[in-house]
Amino acid sequence: MKSVIIRPFENDDLPGAAAALIDVHSTDGYPVEGVDQPEAWLRSADVIAAWVGEVDGSIVGHVAIMRPHGEDAVSLWMQQSGDQEDQIAVLARLFVVKAARKHAVGERLTQAAMSYGSEQGIRLVLDVMTKDAAAMRLYERLGWREIGRAPHHYGNGQSIDAVCYVAP
């Protein structure tokens, strides 16, 4: 087994993370919006915290926790829980290159984000496209619970069905 390192994102990781994102988009079509500006997408001002997964010195995965911006998962959780928006954050930007998927990188990245959420007293929510069955299995295996469904809108009037989840 190759050694997998999960660690906080550093600015020097940006080129490697952007290259991994472009790779994932070419194999999986994630994100559906595309990656015209991968570095800007990864380093959005809404990122609260982020981590990378590394195998043999190369970045093979990424996850971020982001401030809410009107996501359906946030609205659904607020309605169901009574939590305020400042108590909620969105797990997002999770991706792992295909070559590294048998090394539990996605699981370990998700667990790092979940630990951070717990430590900070923040409830994490997310939405995942129904086409991304492997991601849905991962979240469910880690105890995330479905809280509803909503269309994910992108591009020029396009949409795809998504499932909204809340962390355990």
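Only the coordinates and a few stated rules stand behind these numbers; no lab work does. Note that this is a predicted model, so its numbers are computed, not measured. Cβ placement follows ideal geometry from the backbone for every residue including glycine, while neighbour counts extend to all protein chains displayed.
Tabulated data
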item	result
Degrees separating the helix 14-28 axis from the principal Cα axis of the chain, which is the longest one	70
Least to most buried among 144, 41 (fewest other Cβ within 10 Å first)	41, 144
Within the chain, helix-based [θ] at 222 nm, where runs of 4 or more DSSP H residues each add -39,500 (n - 2.57), nearest 500	-10000 deg cm²/dmol
Ranked list, fewest to most other Cβ atoms within 10 Å of each Cβ, for 142, 91	142, 91
Taking region 97-168 and dividing mean pair separation by its residue count, relative contact order in percent (alpha carbons under 8 Å, at least six apart)	32
Note, ³J(HN,Hα) from phi for region 115-120, Karplus 6.51, -1.76, 1.60, rounded to Hz, x at Gly and Pro	4, 4, x, 4, 4, 8
Ascending count of other beta-carbon atoms within 10 Å, so fewest first, for 46, 86	86, 46
Bins of 5 Å, starting at 0 and running to the largest distance - Cα pair percent for region 4-166	1, 9, 19, 23, 23, 16, 7, 2, 0
Label-point separation in nm, residue 36 to residue 10, each point 7 Å along Cα→Cβ	3.3
